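Before anything else, here's the structure in question.
The values are calculated or read from the model by the stated rules, or taken from the named source; none is laboratory data. From a predicted model like this one, the values you see are computed outputs, not experimental measurements. Please note: Cβ atoms are built from the backbone with ideal geometry, for glycine as well, and neighbour counts cover all protein chains shown.
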């Protein structure tokens, strides 16, 4: 089985309050994005980095020669689609480079589920009490809630067709699985629980937490 990984690193990261893209910040002896990059290079067959036009000159110097590179779009969906157009293989992993702590077990579980499922959602459990922000402030059943993270995975043809339909209908989606479900509601989707360490570095507090645990993944 051959797998293409699309590593998203074209975001601005405005909530980090830094002058540079957050995935280019130092984390131990690497840049944040390099942790995911080298895990994906080890456990998948092709990696496509989707980078910001402004970061291209800096990023290209840091990438191994076998990595493919494309420029990101104005939205996350456009960036994913740009990566999909370069993919060589039918099984696609899409991952946010701001989640540096990928582990071997998760990637092996994903590879195994590609044999049986057309899409894969990784998730973390919901630990907080969640209310609907309406007049009644209804409480949702936490035991039935999960938090979608990345990697999110699917078959290339399904993803490309779904993104093309979304463009035609001028629809946007916050993640790849919700996009797939909108156009393929009966598709077989696997859910895999990920480590709590696979959080997204979004704010300065997240960055400080990542500095405390990076040695486990070096």
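Could you run through segment 154-170 and say how many residues are surrounded by 15 or more Cβ atoms within 10 Å (Cβ to Cβ) and without any contact (Cβ under 8 Å) to a residue 40 or more places away in the chain?
1
Continuing with this model, one more query. Does at least one position in segment 95-116 carry a residue that is modelled with pLDDT of 95 or more, assigned to a strand (DSSP E or B), under 23 Å from residue 32 (Cα atoms) and in contact with a strand residue (DSSP E or B) (Cβ under 7 Å, 6 or more places away or on another chain)?
Taking every residue of segment 95-116 in turn, at least one turns out to be modelled with pLDDT of 95 or more, assigned to a strand (DSSP E or B), under 23 Å from residue 32 (Cα atoms) and in contact with a strand residue (DSSP E or B) (Cβ under 7 Å, 6 or more places away or on another chain).
Separate question: If we only count helices (runs of 4 or more DSSP H) wholly inside segment 130-218, which ones have 3 or more residues that are closer than 27 Å to residue 90 by Cβ? Walk me through how you get there before you give the answer.
Details: elements: 156-168, 176-183, 204-213.
Output list reads 156-168, 176-183.
Then there's this: Under 6 Å between Cβ atoms, at least 6 apart or on separate chains: pull out the pairs that start in segment 41-69 with a residue that is in contact (Cβ under 8 Å) with a residue 60 or more places away in the chain and end on any residue that is surrounded by 14 or more Cβ atoms within 10 Å (Cβ to Cβ) and assigned to a strand (DSSP E or B).
Between residues of segment 41-69 that are in contact (Cβ under 8 Å) with a residue 60 or more places away in the chain and residues that are surrounded by 14 or more Cβ atoms within 10 Å (Cβ to Cβ) and assigned to a strand (DSSP E or B), the close pairs are 44/3; 44/5.
Based on this model, can you work out whether residue 50 counts as crowded, with 18+ Cβ neighbours inside 10 Å, farther than 17 Å from residue 101 by Cβ, touching a strand residue (DSSP E or B) at 6+ places or on another chain (Cβ under 6 Å) and at pLDDT 95 or above?
Numbers: crowded, with 18+ Cβ neighbours inside 10 Å: yes; farther than 17 Å from residue 101 by Cβ: yes; touching a strand residue (DSSP E or B) at 6+ places or on another chain (Cβ under 6 Å): yes; at pLDDT 95 or above: yes.
Against the criterion (crowded, with 18+ Cβ neighbours inside 10 Å, farther than 17 Å from residue 101 by Cβ, touching a strand residue (DSSP E or B) at 6+ places or on another chain (Cβ under 6 Å) and at pLDDT 95 or above), residue 50 qualifies.
Among the numbered criteria (1) surrounded by 18 or more Cβ atoms within 10 Å (Cβ to Cβ); (2) free of Cβ contacts under 8 Å to residues at least 60 places away in the same chain, which single criterion is violated by residue 210?
For residue 210, the failing item is (2).
Give the number of residues within segment 1-33 that are farther than 12 Å from residue 98 by Cβ and either in contact with a helix residue (DSSP H, G or I) (Cβ under 7 Å, 6 or more places away or on another chain) or in contact (Cβ under 8 Å) with a residue 40 or more places away in the chain (or both).
Residues that pass the stated criteria total 10.
Could you tell me whether any residue of segment 6-21 is modelled with pLDDT of 95 or more, in contact with a strand residue (DSSP E or B) (Cβ under 6 Å, 6 or more places away or on another chain) and surrounded by fewer than 22 Cβ atoms within 10 Å (Cβ to Cβ)?
At the first step, the residues of segment 6-21 found to be modelled with pLDDT of 95 or more are 6-9.
Next, from what is left, pick out any that are in contact with a strand residue (DSSP E or B) (Cβ under 6 Å, 6 or more places away or on another chain): 6-9.
Imposing the further condition that a residue be surrounded by fewer than 22 Cβ atoms within 10 Å (Cβ to Cβ) reduces the set to none.
For segment 6-21, residues modelled with pLDDT of 95 or more, in contact with a strand residue (DSSP E or B) (Cβ under 6 Å, 6 or more places away or on another chain) and surrounded by fewer than 22 Cβ atoms within 10 Å (Cβ to Cβ): absent.
Also, quick follow-up: Please list, ordered by first then second residue, the pairs with beta carbon atoms under 6 Å, 6 or more apart or interchain, first in segment 86-108 and at positive phi, second surrounded by 15 or more Cβ atoms within 10 Å (Cβ to Cβ) and at pLDDT 95 or above.
Here the result reads none, with nothing in segment 86-108 linked to a residue that is surrounded by 15 or more Cβ atoms within 10 Å (Cβ to Cβ) and at pLDDT 95 or above.
Every residue, every condition in (1) at pLDDT below 95; (2) exposed (fewer than 10 other Cβ atoms within 10 Å of the Cβ), yes or no:
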{"residue": "130", "(1), (2)": "yes, no"}
{"residue": "133", "(1), (2)": "yes, yes"}
{"residue": "137", "(1), (2)": "yes, yes"}
{"residue": "152", "(1), (2)": "no, no"}
{"residue": "172", "(1), (2)": "yes, no"}
